[in-house]
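What follows is calculated from the coordinates using simple rules that are stated; it is not laboratory data. This structure is a prediction, so every number in the text was calculated from the model and none was measured. Every residue, glycine among them, receives a Cβ derived from its backbone with ideal geometry; neighbour counts consider all protein chains shown.
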Amino acid sequence: MNRRKFLRSTTAAGAGLLILPSGMLGGANAPSNKLTLALIGVWGRGEAHHGAISSENVAALCDIDANHLADAAKKFPGAKTYADWRRCLDQKDLDAVVCCTTDHTHAFVANWAMNRNMHVFCEKPLGNSVEETRVVRATYLKNKDKLATQVGTQRHAHVNFNRVRELIKDGVIGELKSACAWGDRQIRRSGYLPAQGEPPPHLSYDLWLGPAPFHPYNPGYFSGGPGANCLNWNMYWDFGSGQIGDMGSHTMDLVWNAIDAGLPTTAEAKGEKFHPEVTPVEVEMHFEIPANDWRPAIGVSWYQGGAMPKSPASHVDLKKIGHGAMFQGSKGTVVADFNSRLILPSGDEADMTYYKPRKKEDLIPPMGDFVKQWIRACKGDRRTSCDFDYGGTAIEMMLLGLVAYRVGKKIAYDGAAGRVTDSPEGNDLLKRTYRTGWTLNG
């Protein structure tokens, strides 16, 4: 089933019969219908999911911080506990995994879990390199009829995503010509933190580094409250992709949901001077996206850190929208953020008579709770709004933009083969080198 047909279908599972990987049947609340799942990364984003997963059988908890692990164990006293996610995934009774680890281990946990026939909910970004996202997506596509996946772009549950998609698909701005998204967060770092002290006894620092190259311990990587701690490490090349993998994943999702895109054929980027340790703050990226069956080929762009698209009108100040998206068509523009949208008709023929709003019964239904949708899919038809194909393709494009930024020129991309065809340097930058003992396809 393609994405458009899925979006037209109902998102409610109701109380009908559901199917677990073992084949057992039961009502939605039957004991036999509970997922046996592991939460890997119990603090931060993991803590945000405690409520949603509490309806299931949480049988395993994993975290590199023993203090966080002990706190989570109080909420889920029946769960086995681990420091190493690789040992956690060896637990034989698991049906599913919720992955809330560091960005540079997302692809590893997700791929290992699917290799063990487990459903996976993985926080964004799905990978930290183009190669990682492609490996994870390929594993999912081989197993999509039996595994449910979801990338943690939870803002997708806002009903405004549906309304924006409807406007663009139904032609409120005529034929779509281009789309872009932007984010204005500006957090600057001078480089990796210097060595400072020793890791405390409760912290398994080597496991926190995981596959990344070694960097000495500094408590600064672990400061900040839950949900914000990632801002202390995700802008460093070895640990993350900066705003691309953070708010870029959320904001580009507004565009991705509306345009039914595949992978780009080209990428180019420009911004501040390249720093070998820190991802750029100010940068803009531009991609060429092939046509599909309802729109022509279009340009898609991403702006961040002060770089901004040109406003469609002098009276519209895009800078007042911290994270937003814009769609430009033959008869006007739609500007949106996560919760609202603005239609700006333009041109002598933009009289709006060509646009017919949908009847209420024809609107895309709300998806409800984002994690619960995945849980229902694990037990039912395996379909989610942000599976590893949809979410993986989006972040692959964004990470390709970082490759173009580092190469410093427009690059051509063969999405089928996963190759930059006109830059050996760019092709080399699609992948990362891992520490000895770590493999992506375990």
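Which chymotrypsin sites (Phe, Trp or Tyr not before Pro) from segment 288-375 combine a DSSP loop assignment with at most 14 other Cβ atoms within 10 Å?
Working: sites: W294, W302, Y303, F327, F338, Y354, Y355, F370, W374; in loops: W294, F338, Y354, Y355.
Filter output for segment 288-375: W294, Y354.
Sparsely packed loop sites in segment 194-291 (the chymotrypsin sites (Phe, Trp or Tyr not before Pro) outside DSSP H, G, I, E and B with at most 10 other Cβ atoms within 10 Å) comprise F214. Between V159 and A195, the FRET efficiency from the beta-carbon distance, with R0 = 45 Å, is close to 0.40. Here is the list for segment 137-170: trypsin sites (Lys or Arg not before Pro) lying in DSSP coil, each with at most 13 other C-beta atoms within 10 angstrom of its C-beta, are K146. Measuring between their Cα centroids, segment 124-149 and segment 355-431 lie 10 Å from each other.
Given the Cα atoms of segment 277-409, and with Rh set as the inverse mean 1/r over their pairs in the Kirkwood sense, what is Rg to Rh to two decimals? Don't jump to the answer; show the numbers that get you there.
Values: Rg = 18.3 Å, Rh = 18.3 Å.
Reported Rg/Rh, Kirkwood definition of Rh: 1.00.
In order along segment 119-128, the Karplus-derived 3J(HN,Hα) couplings, from 6.51 cos²θ - 1.76 cosθ + 1.60 at θ = phi - 60°, round to 5, 9, 9, 10, 4, 6, x, 5, x, 10 Hz, and Gly and Pro are given as x.
Relative contact order of the chain: 22 percent, from C-alpha pairs under 8 Å at least 6 residues apart in sequence.
Note on N67 and H50: their simple-model spin labels are 1.5 nm apart, each label 7 Å out from Cα toward Cβ.
Partners of K372 within straight-line reach, counting lysines whose Cα lies under 25 Å from its Cα and excluding those fewer than 8 residues away in the same chain: K5, K34, K74, K75, K80, K92, K124, K142, K144, K146, K360. For segment 289-355, the equivalent ellipsoid built from the Cα gyration tensor has semi-axes of 21, 17, 11 Å, listed from largest to smallest. Partnerless cysteines in the chain, where a partner means another cysteine C-beta under 4.7 angstrom, comprise C100, C180, C230, C378, C386.
Applying a length cut-off of 24 Å (Cα extent along the axis) and a mean Kyte-Doolittle floor of -1.0 to the DSSP H helices of the chain leaves 390-407. Tell me, what is the FRET efficiency for T436 and D93 to the nearest 0.05, using R0 = 35 angstrom and their Cβ-Cβ distance as r? About 0.65, to the nearest 0.05. Considering only alpha-carbon pairs that sit under 8 angstrom and 6 or more positions apart, the relative contact order computed for segment 284-362 is 15 percent. Inverting the pair-averaged 1/r between distinct Cα atoms of the chain gives 22.6 Å as its Kirkwood hydrodynamic radius. By a straight-distance test (C-alpha under 25 Å), which lysines pair with K410 as possible cross-link partners, with residues fewer than eight away in the same chain excluded? Partners found: K177, K270, K273, K310, K431. Each label point was placed 7 Å from the Cα along the Cα-to-Cβ direction; for E425 and K75 their separation is 4.6 nm.
What net charge is computed for the residues neighbouring V403, neighbours being all others with C-beta under 14 Å from the C-beta of V403, Lys and Arg scored +1, Asp and Glu -1? Before the final figure, lay out the partial values.
Numbers: positive: R134, K270, R406, K409, K410, R419, K431, R432; negative: E131, E132, E268, E396, D414, D422, E425, D428.
After counting each charged neighbour, the total is 0.
Measuring nothing but how far apart in sequence close Cα pairs (under 8 Å, 6+ apart) lie, relative to its length, segment 139-242 scores a relative contact order of 16 percent.
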